[in-house]
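What follows is a short report on a single structure.
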Amino acid sequence: MNDTPLPAGPPRELTADEAAFVVPAADLAFGTTADVAIAPDWTGQERALAALELGLGVPHAGFNIYVSGLGGTQREQTLAALIAELTRTLPRPGDRVLVQNFQNRDRPRAFYLPAGQGRQLRRDVQELVDDLKRLLPETFRKETFEEEKEQLSERYGHEGEAIARALQQRATEKGFLVQFHPQGGIFFIPLRKDGQPMEPEEFQKLSEAEQNELRQKERELARDLKTMLRRQQALGRRLGREVKEVERRVAGEVIGPLMDEITQRYQNPEVLQYLTDVREHMLDNLDAFREQQQPPPPFPFAGMLAAGPADSFVDYEVNVLVDNSAITAAPVIVESSPAYKNLFGAVERMVDPSGKLVTTFTRVKAGSLLRAHGGCVILNVMDVLSEPLVWRSLKRCLRSGELEIEAYDPFALFATTTLKPEPMRISTRVVLTGPAEWFQILYFLDEEFREIFKIRADFGFEVDGAPARLAFIAHIARIVRDEHLPEFRATAVARLLEFGARSVNDRRKLPSQWDELADVMREATFWCRKQGATEVDDAHVLRALEQRVFRLNRVEEKLRELIRDGVLLINVDGRRVGQVNGLAVANIGGYEFGRPSRVTVAVSMGAQGIINVEREAQLSGHTHDKGVFILSGYLRRVYAQDFPLSLTASIVFEQSYAGIDGDSASSTELYALLSSLSGIPLRQDLAVTGSVNQWGEVQPIGGINEKVEGFFATCRAVGLTGQQGVVMPVQNIDGLVLRSEVVDAIRANQFHLYPVRTIDEGLEVLTGVKAGAVGETGTVHHLVAQRLRALAEGLKQFGMPPPAASGTPAAAGPATPPSPPTPPK
């Protein structure tokens, strides 16, 4: 095992040019954004584009797409524009129509027709009905039709009269007179011997035997009357059938040519069968085409309640659910509100004149899934999962490839309709957008998800290289054009490039998503117009960025005021043993800033190891605990190879009353620990950031710009001495995109940045003493080793205490630390 510390390179200081963000002049060789060529570009997103192209190109089921990594409020619209570009060569889908099912009215029939034919079919059937409303009454009024009906009536009238005469003759033979009452009744009146009707008084004077005889004859005549009436009713039915046959024949001569003209336009067998059914239904219901007056509404405003056709002609309506006659390519629909009705369609209800809830097939409405057939529909996964019953129904629809439109009302106590259209085959590609975390949750917790959404398109949030800068500049020009903003000068574009690099914490890269960039441009435009300028320059962009900070940094300024007034104890000059300035990043929602914190270490004889006071107080997160545990490993590796590591050392973030997490302060804590052990004071005019591993290598951290700027602002508030600065990981150099005032201070030698690779380099910057080796007299490591050996020997003289629970010096405190709220880094 190598027990010597890593060799330290010579500590150096960053120059202002190394800390500054510089845009190549060739990229800004234009006057304003009006001179920039605008072209759609997705530089750096090749993986996501390949995934989208595959998902949209494979026609088989299950190749739906989950898109992660897109940010901003307009991510669905941005994705829709991209997908529309990728699907521009796909064929245009057809129309969907819904018609009456004359065999089963509860199951309307659905047809799929070429684009434009849905509207044509509706127009053809409507024109047919309008023509028949005019032609059939005229036909029924023609003399030939009336003469044929009169001949039938006359023939059947003669037969009816013969039946009546036979009854009259039968009554006469039995001594009765048949009398027809004006209101429709038939009476049998007995006759006297002279043939005259018998009066009631005369009937009463007859003997009982004569009266009974007449009553018997009357009953026989009543039976004969019933027989006659049945014969006349049968005769009437025969007359009605023959009249209807005549009407069907005459109407068929009118309907036939009109229907034949329509059927010639369609080749779909389902449509042809539907038109045949329409013809038969019209011939069976010719009364609807007779001239009739509409009755008045049963109560005021009744007509306003029933929205839609109120007569029998509704059966001949054609409900065009999807009309694709106006589009030229596959549809791309963004469903921003994926409620059940909006996504799957609905069977709407209306109030009829009697106050009842009713519906017809004309009230069926298509949803996004049906309208996007042949293309794709874009949904936000959070919206889909939050809507009742949508997620399960969506999976069922995508598995089966069939869509059923149902009457949906999850809050209804009773079902009010049984109307359910036939299932419709769909080929709609569903694109879900959402966080990467939700993809992982659904993938592992929902077995059906991985079978239905086989494609994941993961968009990166940053791109690098010269092509990225050119694409970024082109997008700035596109925003200017699309939103009609004033032209941005090249200097303003340079500021926006700097803002973009800062947003991804790497001056070699730029963001691949531009929502925040667009907001900065809009704010810069505000300041440009407020000052009466016609073009946006760098001063306007800088003003927008400064105002962003000004609106949100009240807490930051208050903390600096507390440091300046000595309420928060931070030293920015002098030297102290076991004390160093650490740097953290605070996030107050939409704004991050760096703030210094004093880190102190107290060492004594003992066997408790390194005590993380934050952990003991339940203010430390798991990552911070890990960073403290690493310190014990570093001490064992470097110093405790030939003697036991025995000490008690407490590490504290002074005046920290909220939670803290992250390991970016582990090198800071180690510097303070080594200072306390060696007795060598550390510079207080320097702040330290960076994590460390057990080998003593300083590792990069996040928020480097905020941390450097936060300590610079603190030093400026207290008073710049020309010696202050920050010790930082060398790997974070490329992440420096500092504000101009910090760069100017570095250039003026008023502020300093010291990049280090190892703890040894940082020790030499902070102490001014050579780190050296354990066996090299006068070095930091030699003094630390001597102190640790003395603590071990002293502890031996007093006797070994009971070992710690975990058997390691860092085992003090609860075995499982609590999870504090998310703290500054």
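Of note:
- For the listed peptides 476-489, 745-758, 680-693, a ranking on the average number of other beta carbons within 10 Å per residue, highest first, reads 680-693, 745-758, 476-489.
- A cut-off of 5 Å between modelled amide H atoms, ignoring neighbours fewer than 5 places along the same chain, links ILE186 with HIS181.
- Set LYS193/LYS217; LYS395/LYS454; LYS356/LYS420; LYS356/LYS395 screened for pairs whose C-alpha atoms are more than 25 Å apart: LYS356/LYS395
- The antiparallel fraction among DSSP beta bridges confined to the stretch 634-761 stands at about 25%.
- Taking θ as phi - 60° and the Karplus parameters 6.51, -1.76 and 1.60, the scalar couplings of the stretch 720-736 work out to 6, 10, x, 10, 6, x, 10, 9, 9, x, 5, 5, 8, 4, 5, x, 7 Hz in sequence order, x denoting glycine and proline.
- The calculated 222 nm mean residue ellipticity attributable to helices in the chain amounts to -14000 deg cm²/dmol, summing -39500 (n - 2.57) over DSSP H runs of n ≥ 4 and dividing by all residues.
- Annotation: amide H of LEU379 within the under-5 Å range of VAL431, LEU432, THR433, sequence separation 5 or more or interchain, hydrogens built in the peptide plane.
- For the listed peptides 549-555, 323-329, a ranking on the average number of other beta carbons within 10 Å per residue, highest first, reads 323-329, 549-555.
- Ordering of 27-36, 669-678, 365-374 by packing is 669-678, 365-374, 27-36, highest average first (other Cβ atoms within 10 Å, averaged per residue).
- Cross-link partners for LYS244 among the lysines, with Cα-Cα distance under 26 Å and sequence neighbours closer than 8 places in the same chain left out: LYS133, LYS142, LYS149.
- Computed over protein heavy atoms with a 1.4 Å probe, the carbon and sulfur contribution to the accessible area of the stretch 457-501 reaches 56%.
- Other-chain or far-sequence residues with amide H under 5 Å of ALA602's (modelled H): SER650
- Among the listed options (1) 96, 33, 22; (2) 65, 41, 25; (3) 43, 30, 25, the one matching semi-axes √(5λ) of the Cα gyration tensor in Å as calculated from these coordinates is (1).
The values are calculated or read from the model by the stated rules, or taken from the named source; none is laboratory data. The model shown is predicted, which means the values in this text are computed figures rather than measured ones. Neighbour counts are summed over all protein chains in view; Cβ atoms, including those assigned to glycine, are modelled from backbone coordinates with ideal geometry. Each accessible area value is taken on the protein alone, full model and side chains, heavy atoms only, with ligands, DNA and RNA left out. Shrake-Rupley method; radii C 1.70, N 1.55, O 1.52, S 1.80 Å.
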